[in-house]
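Chemist: Just passing along the structure, written as structure tokens.
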Ligand SMILES: Nc1ncnc2c1ncn2[C@@H]1O[C@H](COP(=O)(O)OP(=O)(O)O)[C@@H](O)[C@H]1O
Ligand SMILES: [Mg+2]
């Protein structure tokens, strides 16, 4: 007999049963003949024990475990196979009730986790949809306004027609910008974006980006520069196109949220096998309470200013995803009215 727990339980139950029956027999004898036949009581005790044992062990016991087997079968159907061992409970198996209890607890925990996860996804989906429609609403309404005015006679008014078309064009450009950012973030979040790692000179890349952003920086009279002159190439192992996106995003932010006449500097320092890239501005800064949420999608410190500057609120979320896809991290430190510094690392070669 493998299952001693079950057997002991059945024996005790049978003993109790036969004891109670024998006691009842003795009481009956006492009241009918005032004499107790001890030999008969002992024989009956033994007979009751055998009957009880057979009943419990071969009838009642399997009946319970058949039920447990049914429950277990049901559990197996609602759960993937690996979550629950496919045991057929037999009479002689290891404590099936405890095993079932463990399984049910496990299922309850798993289900709880699943429910929490689904709830999070649901609120994320709602928030995301809300944000997307909110972002698209303004430019779409603007376009509708310009077109309606043109239809209602503005088309023949040479003082506004070209201007309104240009404004509508700008709003279309903004929608495209939002869609591009959304597409990038979706690719990054679903993991469908694969990095194309390459060995390239990041100092040269920064000088290149400075040239590309020159007009934008000049408009706000902001100077873009490398802290130290990097005459020699500084090679990193990274996705050139994606890192360009990161640097452009951070520099554009420093221009948008910089002070007129300010400056943005890029500094490289070497640490073991890594290059630490620091992008530092002396702009308006960000107060401490905003810093923990700064990299969340659609998070902006000053919504009005961001929209006015053509921001989507997705830039830093994209930046973070790209750096994390390189198995690195990005940090920010900032003081209001003093400036902001973003720091990230890349592998050096
Ligand atoms: N260099 C910076 N100086 C001050 N504030 C910044 C800077 N970079 C980002 N921010 C703040 O962080 C917010 C999020 O940035 P980002 O994700 O790039 O979105 P946006 O499209 O608004 O630029 C911005 O709206 C801005 O309020
Ligand atoms: Mg930005």
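Chemist: P(r) for the range 20-67: what percent of alpha-carbon pairs falls in each 5 Å bin, starting at zero?
Modeler: 5, 21, 20, 15, 12, 11, 8, 5, 3, 1
Chemist: How large is the helix-only mean residue ellipticity at 222 nm for the chain, computed as the sum of -39500 (n - 2.57) over DSSP H runs with n ≥ 4, divided by its residue count, in deg cm²/dmol to the nearest 500?
Modeler: Per the formula, -20000 deg cm²/dmol.
Chemist: Rounding to the nearest 10 and keeping the result within 0 to 90°, find how far the Cα-based axis of helix 38-54 lies from the longest principal axis of the chain.
Modeler: 30
Chemist: When a footprinting reagent is the concern and you count Cβ atoms within 10 Å, what order do 206, 21 take, fewest first?
Modeler: Fewest-to-most Cβ neighbours within 10 Å comes out as 21, 206.
Chemist: Right, next: Just to be sure I understand the curve: with the Debye formula and one point per C-alpha of the range 142-274, what is log10 I(q)/I(0) at q = 0.09, 0.16, 0.22 Å⁻¹?
Modeler: These q points yield log10 I(q)/I(0) values of -0.44, -0.98, -1.25.
Chemist: Enter the angle in degrees (range 0 to 90, nearest 10) between the Cα long axis of helix 96-151 and the first principal axis of the Cα atoms of the chain, meaning the one along which they spread out most.
Modeler: It is inclined by approximately 30 degrees.
Chemist: Return the single residue from 98, 252, 335 with maximal mean-square fluctuation; model: Gaussian network over the chain, springs between Cα atoms under 10 Å.
Modeler: Result for the chain, Cα springs under 10 Å: 98 fluctuates most.
Chemist: Taking the chain as a Gaussian network, Cα atoms linked when under 10 Å apart, which of 18, 171, 269 shows the biggest mean-square fluctuation?
Modeler: Looking only at 18, 171, 269, the largest GNM fluctuation is found for 18.
Chemist: Considering only DSSP beta bridges where both residues belong to the chain, give the percentage that are antiparallel (nearest 5).
Modeler: Restricted to the chain, the bridges split so that about 90 percent are antiparallel.
Chemist: Please report the projected area of the chain's Cα convex hull averaged over all directions, in nm².
Modeler: 34.5
Chemist: Just to confirm the number: angle between the C-alpha axis of helix 202-212 and the first principal axis of the chain, 0 to 90 degrees, nearest 10?
Modeler: 60
Chemist: Determine the gain in length on full extension of the stretch residue 122-residue 327; use 0.36 nm per residue of separation and subtract their C-alpha separation, reporting nm with one decimal.
Modeler: Full extension of this stretch gives 71.0 nm more.
Chemist: Which length gain, in nm to one decimal place, applies between residue 7 and residue 129 when the Cα-Cα distance is subtracted from 0.36 nm times their residue separation?
Modeler: Extra length available between residue 7 and residue 129 comes to 37.8 nm.
Chemist: Suppose each label sits 7 Å from its Cα in the direction of the beta carbon; what would the residue 98-residue 231 distance come out to in nanometres?
Modeler: Label-label distance for residue 98 and residue 231, simple model: 7.8 nm.
Chemist: What length, rounded to one decimal in nm, is gained on full extension from residue 199 through to residue 75, with 0.36 nm per residue of separation minus their alpha-carbon distance?
Modeler: Value of the extension gain: 39.3 nm.
Chemist: Please say if the range 207-275 is rounded, prolate or oblate, where rounded means a/c under 1.5 for a ≥ b ≥ c the square roots of the C-alpha gyration tensor eigenvalues, and otherwise the choice is prolate for a/b larger than b/c and oblate otherwise?
Modeler: Prolate, because a/c is 1.5 or more and a/b exceeds b/c.
Chemist: What do you get when you divide the Cα radius of gyration of the range 197-348 by 2.2 N^0.38 Å, with N the number of residues?
Modeler: 0.99
Chemist: Further, regarding this structure: Taking a ≥ b ≥ c as the square roots of the eigenvalues of the Cα gyration tensor of the range 118-190, is the shape rounded (a/c under 1.5), prolate (a/b larger than b/c) or oblate?
Modeler: prolate
Chemist: What is the fewest-to-most order of 134, 72 by other Cβ atoms lying within 10 Å of their Cβ?
Modeler: 134, 72
Chemist: Ranking 190, 343 by Cβ neighbours within 10 Å, fewest first, what do you get?
Modeler: Lowest count first: 190, 343.
Chemist: Roughly how many nanometres apart are two label points built 7 Å out from the Cα toward the Cβ at residue 273 and residue 60?
Modeler: Rounded to a tenth, the inter-label distance reads 6.9 nm.
Chemist: Please work out whether the range 181-234 counts as rounded, prolate or oblate from its C-alpha gyration tensor, where a ≥ b ≥ c are the square roots of the eigenvalues and a/c under 1.5 means rounded, while otherwise a/b larger than b/c means prolate and anything else oblate?
Modeler: oblate
Chemist: May I pose another question? State, to one decimal in nm, how far the label point of residue 170 lies from the label point of residue 109, with both points 7 Å from Cα in the Cβ direction.
Modeler: Simple spin-label model gives 5.9 nm for this pair.
Chemist: Mind checking which of 162, 136, 251 has the largest fluctuation in a GNM of the chain, springs on alpha carbons under 10 Å?
Modeler: Of the options given, 162 has the highest mean-square fluctuation.
The numbers here are math on the coordinates, done by the rules we state, and not lab data. Only a predicted model underlies this, so the values are computations on that prediction, with no experimental measurement involved. Neighbour counts run over all protein chains shown; Cβ positions are idealised from the backbone, glycine included.
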